[in-house]
Amino acid sequence: MYAVARPFLLALLWLAALAELVLTADRLHHTQSLAGFHESIVIALLVTSVLTLLWVPYALITSLGRNGLARGSVRSGLLHEAGGGLILWFMWLVCAAIYTNDIPAKRFCGVGTQCDLLIAIQALAWISFGLLTLYKIMLLMHASAHGVIGGGRAGTRGDGLGDKPIGRV
């Protein structure tokens, strides 16, 4: 079940990161061209969304088991998939928290389309973080079900991979 839901979460994450990329690029263009400055947290969100857009196809291919790393063993595929996701998870968390601290509510950013843009950037940052969190939880449950972590499947015993069924006594 976890392997079925993970690609859908990755697709939603990719769409959210794409929207975040467009909004942060628009905000960066606005601040550079009209105000002559840039906000460093907007650049950090832009970089995080670009890295997410690059990582999601790799994770999707790994999740579906179409590359050589995942075909060899479940363990190596899940570890490669989890590594980049953990880095991005921290990046989304830190960027969303700092951005929320800088723009805490609508009343602090003023009125107009730029205020709406700032709030949309903030919302998409937290949505991306939430989607990645759900993805990581499902990845951990999938890894546990395959015996990579947590001692293996229920009703099995033996080595760490949990591939020996319990015999009748």
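Values in this text are rule-based calculations from the coordinates and carry no lab data. Just so you know, these numbers come straight off a predicted model, no measurement behind them. Here Cβ is always computed from backbone atoms with ideal geometry, including for glycine, and neighbour counts include all displayed protein chains.
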Stretched fully, the stretch from residue 28 through residue 137 gains (0.36 nm per residue minus C-alpha distance, one decimal, in nm) 35.9 nm
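Once you have the Cα-Cα distance between residue 117 and residue 61, take 0.36 nm times their residue separation minus that, and quote the gain in nm to one decimal. Numbers along the way, then the final one.
On the way: separation 56, 0.36 × 56 = 20.16 nm, distance 3.27 nm.
My answer for the length gained is 16.9 nm.
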Here the stretch 30-43 yields Karplus 3J(HN,Hα) values (6.51, -1.76, 1.60; θ = phi - 60°; whole Hz; Gly and Pro given as x) of 5, 5, 6, 7, 9, 9, x, 9, 9, 9, 5, 5, 5, 5
Between residue 18 and residue 108, the FRET efficiency computed from the C-beta separation at R0 = 30 Å comes out, to the nearest 0.05, as 0.65
Simple spin-label estimate for residue 40/residue 5, 7 Å along Cα→Cβ, in nm, reads 3.9
